[in-house]
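Note sheet for the following structure.
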Amino acid sequence: MGQTTGARKRILSGMRPTGRLHLGNLVGALLNWRMLQDDYECFFMIADYHALMSEYESPAAISSHSREVLIDFVACGLDPARSVIFRQSDVPEHAELHLVLSCYTPISWLERNPTYKEQMQQLTSKDIHNYAFLGYPVLQAADIVLYKANLVPVGEDQLPHLELTREVVRRFNALVGREALVEPQAKLTSSPRLLGLDRRKMSKSYANQIEVADPPDVIRKKVMSMITDPKRIRRNDPGHPDECNVCDYYKTFCPPDVADVEDKCRNATWGCTDCKGRLAEVLVTFLKEPRERRAELEGTPERLKEILAAGAARAQAVARETMAEIKVLTGLAGW
Ligand code: SF4
């Protein structure tokens, strides 16, 4: 066991299926993943076991959400011919390795995990006082290690998650007496900050998101509802584009327009409705291709099944090999 062979390093990343993806997911992850495909061997996972940890009380939607995420992945440019796109539960080795690594993970490491403590306080709408949720970093470690991923794309704020995986790997390697598992490195990514329509974090639970699948009229309506510079009350009041979410969207989706938007805002030569109207068309154009690809995929369910089956087969080929090696090292196989 060791580093992946071949010229390209391997990357693993995933997303919990919670429904259709929104612009925050696109800007925060998918656009970056799409580029990574050019230089790395990529494994993109629909993390449905992770979804089950919090949705176990009403899990019926997980399957349809996984389908939506798959459609969005492909519609936004993840290429099943170049990358391994798969659903976590289609590769049972994730669960198997999770169990093995849980033997090597002290409970105190999980209890001190800041995200765990934070989620326990914040996620009041769901009961996540379960054994699986405490251990989710172990499943995350298994997800990464199973594919001997060299790199994991993360933002600064996610570095502690990866550190826990690295600690588990180091402990496992120390106890089995060899560099058996690959210690993944962070591939730091900086994504622009994109807030929801109401300036809170973009999230389905706040109903403040623009979805990749939204038709043009819905996009226009949503953009018109965006909260703008609170100090600009009348049309002839000079605005403060630096304090306006609409301007942040221009910075992300149409940088060449920013100077003109700022100028018109500061000099009150246009109103917020004009400004939002133009932004809506920018977004309608930006999402045109994914929306068309989405419609195509929606109409070809067999194609979706093929993508998932091929992804599972490719992922499992690697996962089985890793598990076979781990079983020998941990006394679960060997004669
Ligand atoms: S004109 Fe545009 S940038 Fe200025 S406050 Fe209105 S919406 Fe925001």
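In degrees from 0 to 90, rounded to the nearest 10, what is the angle of the helix 272-286 Cα long axis to the longest principal axis of the chain? That works out to roughly 40 degrees.
The long axis of helix 60-75 is offset from the longest Cα principal axis of the chain by roughly 70 degrees. Shape class for segment 203-263, computed from the alpha carbon gyration tensor (a ≥ b ≥ c): prolate, with a/c not under 1.5 and a/b above b/c.
The calculated P(r) of segment 56-198, using every Cα pair and 10 Å bins from 0, goes 9, 31, 41, 17, 2, 0 in percent.
Could you sort out which of Lys204/Lys264; Lys201/Lys251; Lys201/Lys264; Lys231/Lys288 sit more than 29 Å apart by Cα distance in this structure?
Table pairs above 29 Å Cα-Cα are Lys204/Lys264; Lys231/Lys288.
The calculated P(r) of the chain, using every Cα pair and 10 Å bins from 0, goes 5, 23, 30, 23, 12, 5, 1, 0, 0 in percent.
Just report the Cα centroid separation between segment 171-240 and segment 281-335, whole Å. Taking the Cα centre of segment 281-335 as reference, the centre of segment 171-240 is 24 Å away.
Fully extending the segment from Leu123 to Arg320 would add 67.4 nm, taking 0.36 nm per residue of separation and subtracting the current Cα-Cα distance. Just the protein heavy atoms count here, and of the accessible area of the chain at 1.4 Å, carbon and sulfur take up 53 percent.
Bridgeable lysines around Lys327 (alpha carbons under 19 Å apart, same-chain partners fewer than 8 residues away excluded): Lys148. In the context of the full set of protein chains, segment 101-254 has a per residue accessible area of 51 Å² (1.4 Å probe). Measuring nothing but how far apart in sequence close Cα pairs (under 8 Å, 6+ apart) lie, relative to its length, the chain scores a relative contact order of 22 percent. Note on the chain: GNM, Cα springs under 10 Å; of Leu123, Leu70, Leu308, the largest mean-square fluctuation is that of Leu123.
Connecting C-alpha atoms closer than 10 Å in a GNM of the chain, tell me which of Ala60, Ala312, Ala280 has the biggest fluctuation. Looking only at Ala60, Ala312, Ala280, the largest GNM fluctuation is found for Ala60. Comparing Ile46, Ile144, Ile107 in a Gaussian network model of the chain where C-alpha atoms under 10 Å apart are linked, the largest mean-square fluctuation is found at Ile107.
The values are calculated or read from the model by the stated rules, or taken from the named source; none is laboratory data. Just so we're clear, the structure is a prediction, and the values are computed from it rather than from any experiment. Side chains included, ligands, DNA and RNA excluded: accessible areas come from the protein's heavy atoms. Shrake-Rupley method; radii C 1.70, N 1.55, O 1.52, S 1.80 Å.
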